[in-house]
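The values are calculated or read from the model by the stated rules, or taken from the named source; none is laboratory data. The structure presented is a predicted model; accordingly, all values stated were derived computationally and were not measured. Cβ: placed from backbone, ideal geometry, glycine included. Neighbour counts: every protein chain shown.
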Amino acid sequence: MSLLVVGSVAFDSVKTPFGDVEDVLGGSALYFSTSASYFTDVSLVAVVGDDFPEEPVEFLKSRKVDVKGLHRAEGKTFRWKGEYGFDLNEAHTLDTQLNVFSDFKPELSDAQKDAKFIFLANIDPELQLEVLNQVRNPEFVACDTMNFWINGKPAELRRTLERVNMLVINESEARALAGESNIVKAAQAIRAMGPQYLVVKRGEYGALVFSDKETFFAPAYPLESVYDPTGAGDTFAGGLMGYIASRGRVDDETLRLGTVIGCVMASFDVEQFSFDALRDLKAAQILERFKRFHSLVNFETLTELPAR
């Protein structure tokens, strides 16, 4: 097993300036595992209700995602309703119904306990700690969080951060967690809490990676059409962690390339509602967009200023 993700599978209702959808598939674990499955084997742990259809489960199986950890419980599946204005970097939550997710207690199989690469999606930090207490000898653990947990369970979140290798959050969350307005100072403060690496998602502006040795920036891929940013952050994390797991090692070069791959995968996600753009994605499409991305940011080294 290469990569384990623990998170949510949900129904989303989303409205953007470009359309709206009701009760479409969503959830952090669904976006993440679909994205990561293009690079490595993935095992998913989540809970759904008895109203959840079988088709998306079969789709995940077709992507060779291990869904033995996708538990069905009596009741309704987690539901989220949100709206975006023309600033697609910020979602306005209109309704959240936890349903069966409110009683979610992740229980790992023996095989999952031996996972070497782990992603703890945006869930209660107490649940993240429960997962960390079950895994035996992970090589690399990354997690996500949000302002709700930063403000509501700071002590529990700090205990999680002490035990992870990398934190993946957005810019406003990084500032809130660190209590710093400057993102570089915020990164220093967060890394002092435990994670060796910090990845700051910046939506349509790309991502920043902070480590002991360097700071790396990857821009977002420029798109003509952006319909729905829901799940883009989880899709980004799936590409990043999927690539890291496929290499079987973590260093600055792997993180650089993984971050770019994450940006590439997120660029596909936002072009359609739900995770529809990821369903029929081909390896050739990913490689072609990666090549275009490389051309976008490639430039010669300047060794001296022109003579005047």
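The figures follow:
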item	result
Qualifying residues in the range 224-246 (those that are surrounded by fewer than 24 Cβ atoms within 10 Å (Cβ to Cβ) and at pLDDT below 95) - the one nearest to V5 (Cα to Cα)	P229
Given (1) farther than 26 Å from S225 by Cβ; (2) modelled with pLDDT under 95; (3) basic (K, R), index of the condition K81 fails	(1)
Residues within the range 170-182 that are under 11 Å from V199 (Cα atoms) and modelled with pLDDT of 95 or more, tallied	1
Matching strands (runs of 3 or more DSSP E) fully within the range 133-223 where at least 2 residues are surrounded by fewer than 16 Cβ atoms within 10 Å (Cβ to Cβ) and not aliphatic (A, V, I, L, M)	215-218
Test result for F119, among the hydrophobic types (A, V, I, L, M, F, W, C) and either in a strand (DSSP E or B) or crowded, with 19+ Cβ neighbours inside 10 Å (or both)	yes
Search result, residues across the range 70-94 that are assigned to a strand (DSSP E or B) and either aliphatic (A, V, I, L, M) or in contact (Cβ under 8 Å) with a residue 24 or more places away in the chain (or both)	L70, H71, R72, A73, R79, W80, K81, G82, E83, Y84, A91, L94
Residues of the range 95-116 satisfying the condition of being in a loop (DSSP other than H, G, I, E, B) and either among the charged types (D, E, K, R) or within 17 Å of the chain's Cα centre (by Cα) (or both)	K105, E107, D114, K116
Of all residues making up the range 95-118, the number that are within 24 Å of I244 (Cα to Cα) and free of Cβ contacts under 8 Å to residues at least 24 places away in the same chain	2
Residues that are over 14 Å from the mean Cα position of the chain (by Cα) and either in contact (Cβ under 8 Å) with a residue 60 or more places away in the chain or surrounded by 24 or more Cβ atoms within 10 Å (Cβ to Cβ) (or both), drawn from the range 263-275	F273, S274
Top-ranked residue of the range 277-291 - restricted to ones that are in contact (Cβ under 8 Å) with a residue 24 or more places away in the chain and surrounded by 12 or more Cβ atoms within 10 Å (Cβ to Cβ), ranked as nearest to the chain's Cα centre (by Cα)	L278
Residue under evaluation D51, criteria (1) surrounded by fewer than 16 Cβ atoms within 10 Å (Cβ to Cβ); (2) touching a strand residue (DSSP E or B) at 6+ places or on another chain (Cβ under 7 Å); (3) of a type outside the set (V, I, T); (4) over 17 Å from A232 (Cα atoms), criterion not met	(2)
Qualifying residue in the range 64-74 (condition: among the charged types (D, E, K, R), closer than 20 Å to V14 by Cβ, over 19 Å from the mean Cα position of the chain (by Cα) and surrounded by fewer than 24 Cβ atoms within 10 Å (Cβ to Cβ))	no
The lone exception for E304 - which of (1) among the acidic types (D, E); (2) closer than 19 Å to I169 by Cβ; (3) loosely packed, with under 11 Cβ neighbours inside 10 Å it fails	(2)
Hits in the range 253-268 (condition: more than 13 Å from G206 (Cα to Cα) and touching a strand residue (DSSP E or B) at 6+ places or on another chain (Cβ under 7 Å))	L255
Unique residue being in contact (Cβ under 8 Å) with a residue 24 or more places away in the chain and surrounded by fewer than 16 Cβ atoms within 10 Å (Cβ to Cβ) when the list is V260, V297	V297
